[in-house]
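Please read the structure below before turning to the comments.
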Amino acid sequence: MTVQTKPKGMTRRQLLSRSVAMGAAFVAGPGFIAGSDAAWAMETTALQPASMATLIQMARDIYPHDRVGDEFYAAAVKAYDTEDAAPEIEAGIAALDAAARGKGHASYIETGWERDRVDILRGMEDSTFFQRIRGGLVTGLYNQKAVWPLFGYEGESFSQGGYIDHGFDDINWI
Amino acid sequence: MVAKYDLNDDTVVVVIGTGAGGGVLANELAQKGVKVVALEAGGRYLPEDYVNDEWDSFGQLAWLDARSTSGDWRVAKDFSGLPAWIVKAVGGTTTHWAGASLRFQAHEFKTKTTYGDVQGANLLDWPIDLAEMEPWYEKAETKLGVTRTGDREGLPGCNNYKVFEAGAKKLGYSEVHTGRMAINSVEYDGRSACQQTGFCFQGCKWGAKWSAAYTDIPRGEATGNLEVRERAHVLKIEHDASGKASGVLYADQDGNQHLQKARIVCVAGNSIESPRLLLNSASSMFPDGLANSSGQVGRNYMRHMTGSVYAVFDKPVRMWRGTTMAGIIQDESRHDPSRGFVGGYELETLALGLPFMAAFLDPGGWGREFTTALDSYENMAGMWIVGEDMPQETNRITLNHDLKDQYGLPAPNVHFDDHPNDKAMRAHAYKQGMAVYDAVGATRTFPTPPYPSTHNLGTNRMAENARDGVVNRWGQTHDIDNLFISDGSQFTTGAAENPTLTIVALAIRQADHIASEMGAGNL
Ligand SMILES: Cc1cc2nc3c(=O)[nH]c(=O)nc-3n(C[C@H](O)[C@H](O)[C@H](O)COP(=O)(O)OP(=O)(O)OC[C@H]3O[C@@H](n4cnc5c(N)ncnc54)[C@H](O)[C@@H]3O)c2cc1C
Ligand code: SF4
């Protein structure tokens, strides 16, 4: 993930080359964040791009699915990028970074091992900030239709006439 | 021609709520030539409107008015503003329901006699028994088209059922089948056969599952005797100087208030709203609320002892394909105190889509313990536990004067503490449920906590004596002759079985009684 400022007139490639790698995404200047593999990119309007990057990492650490790409986590927390939500989120991220420093790390996102980040999160599990992010992810992440196939879930079948001719009883190992 | 009645017409029967109780009652009365105005807080949605997407459908149909919770039940922590999962729509929660339709067992009408004194439980015998209910059950089964009753065949078993059945048989259970379901296994009563689309909880787009929304309601309207006013939210039941119910005050969709006069008022708003309405209708004559001389209005709230067991296997199950509730184990539904509790429970398969599974598998859970379970979603099977819970006087609906609904009326608070009998039964059911899946090679099992209540019962209970309960054997309030309760809040005790068949049977019976009493000039 990479977070990046978006100066006017720069090409995407230039942006990416200037970026500072942070975890799986990189900040590419104010208002812009992208996947390290350039597979996705997202503009931020109210949140600091670095905070968005931290938020995405936090989302993944709360609900880690190794086969689910960062873009889904990014989409899940994108809703916090508003003028109304930003102050509380920035304060929450600041608290998260402070907790990381308290445990001897440079910041949350620069904490290398998931187990260490989870340890930081456990310490703030009861905070409103943590619960807000976790609660929002339950629908924000798992209710994305694009994420369902990664779990094998097929969703509605009415449009194809139901599962009656599409494997409702096709189990073959029982 | 759909009927249209004047607000000042005081010859009509007003039915509040159009779900399993109210929807059926309204139609049955209309069929008998009785003039009925049914007031329904929700809008009208038909199969073409249903959305086969869990959260979108929830947003479309669920009752989301302000509510609060208290007590030691886990729902109060996990879903503090959503004690119950019920529907606000014409047809009520019969749009959402899964369709499991079971008769009570004989002893479940007589729990005080059968179970004896259970400390802390407010047990009471129903004033009616199974023999009296049998003909009404038969009418209800015919109306709903319940499989495995009459000459109706069972549904075919889906993947989720096959895992469940194999485990059950290995464990030695014998009463295992694809259930008695109000879902057509073949075309019936003008409705199509089940196409195994798997969104029974979101409203059946084929109409294969019975719902009052597209059966009883339009049929009642077709008689020309029933007027259904949708988006009409009843705020208060009014009475005259003699203490008889005289009409109801409701708000239309624009918030304008109207008073509909009535000859008889029947309350069927489900077991949270029905007692709340009686309490919110308090007057100088009835300061504790209508029909509350016993003090039992809102008390003895029951929600069934529930929980779920999900299991992961090393191979795919794909439980979401096919009927949501696709089979049952009935061996544990007997009363057998040697298990360490009174009453019994049923095990019924249940499938949730990925979005609901994420919300309900382990509410509040996070980290890899949680996510590795969802990673195996495709290999998951699931069942729901439904058992008899103990009525307790302190489990109750009260008015929360600190929380107001959109009309400025006190919201209901739902207080619930598990009884030790409920806990012992749940522990037993978790053990058995996990054993079912272990028997067929589960690699991991999950004893999942209860969801917001889908079965809400008992808050205006039926009792022989006026001092013990709110209504008599006909659902007529002991205190006010022309005020009836017509939903699951009448239940004296909850039994192990899913409640709707009994709600429907009682509604058919009540319609018969009301019509004949009206004919005889007694009402
Ligand atoms: C997901 C789910 C699955 C279920 N599966 C099963 C099952 O398999 N088997 C089974 O037996 N049961 C099942 N149930 C339970 C079943 O749906 C209920 O028991 C049944 O619908 C209750 O009937 P009722 O008449 O008491 O209330 P409802 O059907 O809830 O109807 C009450 C109606 O009253 C309206 N109302 C409330 N207050 C007011 C007011 N003040 N003014 C106007 N209108 C008002 C509501 O909007 C609603 O339409 C399930 C429920 C859910 C949620
Ligand atoms: S599985 Fe059957 S009953 Fe359920 S929604 Fe689909 S068609 Fe209707």
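The values are calculated or read from the model by the stated rules, or taken from the named source; none is laboratory data. A quick note: this is a predicted structure, and the numbers were derived from the prediction, not measured. As a convention, Cβ positions derive from the backbone with ideal geometry for all residues, glycine included, and neighbour counts pool all protein chains shown.
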Requested in this report: Go through (1) at pLDDT 95 or above; (2) within 9 Å of another protein chain (Cβ to nearest Cβ) one by one and return the number of the condition B:GLY364 breaks.
Outcome: (1)
**Report entry** Exclusive hit being more than 16 Å from ligand 2 (Cβ to nearest atom), over 30 Å from B:ASP512 (Cβ atoms), modelled with pLDDT under 95 and of a type in the set (Gly, Ala, Ser), set B:ALA62, B:ALA66, B:ALA76
**Finding:** B:ALA76
Report task. Give the residues of the stretch B:171-195 that are more than 16 Å from B:TYR50 (Cβ to Cβ), within 14 Å of chain A (Cβ to nearest Cβ) and part of a loop (DSSP other than H, G, I, E, B), sorted by residue number. Result -> B:THR178, B:ASN184, B:SER185, B:VAL186, B:GLU187, B:ALA193
Query raised in the report: Among the numbered criteria (1) closer than 26 Å to B:GLY458 by Cβ; (2) β-branched (Val, Ile, Thr); (3) crowded, with 21+ Cβ neighbours inside 10 Å, which single criterion is violated by B:THR114?
Result: (3)
Requested in this report: Considering every residue within the stretch B:81-94, establish whether at least one is within 14 Å of chain A (Cβ to nearest Cβ), away from ligand 2 (no atom under 16 Å from the Cβ) and either among the hydrophobic types (A, V, I, L, M, F, W, C) or surrounded by fewer than 23 Cβ atoms within 10 Å (Cβ to Cβ) (or both).
Outcome: yes
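Results for (1) more than 19 Å from the chain's Cα centre (by Cα); (2) more than 10 Å from ligand 1 (Cβ to nearest atom); (3) at pLDDT 95 or above, shown as yes or no for each residue.
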site: B:VAL186; (1), (2), (3): yes, yes, yes
site: B:GLN195; (1), (2), (3): yes, yes, yes
site: B:GLY198; (1), (2), (3): yes, yes, yes
site: B:PHE201; (1), (2), (3): no, no, yes
site: B:TRP210; (1), (2), (3): no, yes, yes
site: B:THR215; (1), (2), (3): no, yes, yes
site: B:GLY220; (1), (2), (3): yes, yes, yes
site: B:GLU227; (1), (2), (3): yes, yes, yes
site: B:GLU230; (1), (2), (3): yes, no, yes
**Report entry** All positions within the stretch B:51-73 that are more than 20 Å from the chain's Cα centre (by Cα) and on the phi < 0 side of the Ramachandran plot
**Finding:** B:VAL51, B:ASN52, B:ASP53, B:TRP55, B:ASP56, B:SER70, B:ASP72
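Among the helices (runs of 4 or more DSSP H) confined wholly to the stretch A:1-113, which include 2 or more residues that are at pLDDT below 85 and surrounded by 14 or more Cβ atoms within 10 Å (Cβ to Cβ)?
Numbers: elements: A:12-18, A:49-62, A:70-77, A:86-102.
Qualifying helices (runs of 4 or more DSSP H): A:12-18.
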Query - Test: B:THR306 is within 16 Å of ligand 2 (Cβ to nearest atom) and at pLDDT 95 or above - result: no
Query raised in the report: Assuming B:GLU393 fulfils every condition listed in (1) touching a strand residue (DSSP E or B) at 6+ places or on another chain (Cβ under 6 Å); (2) surrounded by fewer than 23 Cβ atoms within 10 Å (Cβ to Cβ); (3) among the acidic types (Asp, Glu); (4) assigned to a loop (DSSP other than H, G, I, E, B) apart from one, which condition is it?
Result: (1)
**Report entry** Selection count where residues are touching a His at 6+ places or on another chain (Cβ under 7 Å) and buried (at least 24 other Cβ atoms within 10 Å of the Cβ), scope the stretch B:471-497
**Finding:** 2
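So which of B:TYR45, B:TYR50 ends up being more than 10 Å from ligand 1 (Cβ to nearest atom), among the aromatic types (Phe, Trp, Tyr) and away from every other protein chain (no Cβ under 14 Å)? Steps first, please.
Numbers: B:TYR50 fails: away from every other protein chain (no Cβ under 14 Å).
It is B:TYR45.
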Report task. Restrict the check to the stretch B:198-215 and report whether at least one residue is away from ligand 2 (no atom under 16 Å from the Cβ), surrounded by 24 or more Cβ atoms within 10 Å (Cβ to Cβ) and small (Gly, Ala, Ser). Result -> no
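Have a look at A:GLY136, A:GLY152, A:GLY162, A:GLY167 and point out the one that is more than 8 Å from every other protein chain (Cβ to nearest Cβ) and of a type outside the set (A, V, I, L, M). Spell out how you get there, then give the answer.
Details: A:GLY152 fails: more than 8 Å from every other protein chain (Cβ to nearest Cβ); A:GLY162 fails: more than 8 Å from every other protein chain (Cβ to nearest Cβ); A:GLY167 fails: more than 8 Å from every other protein chain (Cβ to nearest Cβ).
Checking each option against the conditions leaves just A:GLY136.
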